[in-house]
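The values are calculated or read from the model by the stated rules, or taken from the named source; none is laboratory data. Note that the coordinates shown come from a computational prediction; the quantities given were computed from them, not determined experimentally. Note that we place each Cβ from the backbone using ideal geometry, even for glycine, and neighbour counts take in every protein chain shown.
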Amino acid sequence: MLKLHHAPNSRAGRIVWLLEELKLDYEINKMAFDPKDLKSDEHRARHPLGRVPVLEDGDITLYESGAIVEYLVRRHSDGSLIPDVQSPLFPQYLQWFHYCEGMVMPPVNTIVVQTILLPPARQNKEALSQAQRLLTRALQPINENLAGKDYLIGDFSAADIMLGHACFMARRLECVANEMSNLLVYIARLEARPPFKIGITM
């Protein structure tokens, strides 16, 4: 059986979401988002940096969320969440799948560090403002792409698991402007999916 090592408020939420979308059986190891769990010798044996998510599938261990998503949709699904490589949608799928970690999550990470993880005395207002500006710019192309679409490439796909989760995080950090109406509707549509609700609340 698939086993997911998970901590709340992390990228592991997108893996729970995908597992639920695919209706796969899985076991979950819930850990605290705390060094006593994540930096333990036991967990470092799974992930050398002591992070989540980590997926175990028999003798296979993966610990990069994008790699886990790709693995699951290629090994454990009917192919419905990824376009055929010859489809005209495939290049768009790849772009939005990787846009998540390439463009959106770096400033999200900085904002989380500067507003949540660091004590007030160590927070850097300039770094925070720069990250907020970068995130706003990164979200604008997504908002434009969603005009007339329910999901990133039309139908729901694994790109929505990746980038949709990042957009949800951005909205939770109050970084999605009211003018980005397409993006706000899209995030609400994702939040209405029962598997998403499980992934976020796990």
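Some points to look at:
- Of all residues in the stretch 180-202, those satisfying the criterion of being outside any loop (DSSP other than H, G, I, E, B) and free of Cβ contacts under 8 Å to residues at least 24 places away in the same chain are 184, 187, 188, 191, 197, 201.
- Looking across the stretch 69-81, the residues that are in a helix (DSSP H, G or I) and surrounded by 14 or more Cβ atoms within 10 Å (Cβ to Cβ) come down to 69, 70, 71, 72, 73.
- Of the numbered criteria (1) under 20 Å from residue 196 (Cβ atoms); (2) over 18 Å from the mean Cα position of the chain (by Cα); (3) not basic (Lys, Arg); (4) not in a loop (DSSP other than H, G, I, E, B), the one residue 66 fails is (2).
- Residue that is nearest to residue 153 (Cα to Cα) [pool: residues in the stretch 82-100 that are hydrophobic (A, V, I, L, M, F, W, C) and buried (at least 20 other Cβ atoms within 10 Å of the Cβ)]: 96
- Residue within the stretch 56-65 that is loosely packed, with under 14 Cβ neighbours inside 10 Å, out of contact with any helix residue (DSSP H, G or I) (no Cβ under 8 Å at 6 or more places or on another chain) and among the acidic types (Asp, Glu) present: yes
- Of all residues in the stretch 21-49, none that is modelled with pLDDT of 95 or more has its Cβ atom under 6 Å from the Cβ atom of a residue that is aromatic (Phe, Trp, Tyr) and assigned to a helix (DSSP H, G or I), 6 or more apart or on another chain.
- Qualifying positions in the stretch 115-156 - of a type in the set (S, T, N, Q) and touching a residue at least 24 places away in the same chain (Cβ under 8 Å): 115, 132, 136, 140, 143, 145
- Criterion (surrounded by fewer than 18 Cβ atoms within 10 Å (Cβ to Cβ) and either small (Gly, Ala, Ser) or under 28 Å from residue 88 (Cβ atoms) (or both)) met by exactly one of 192, 158: 192
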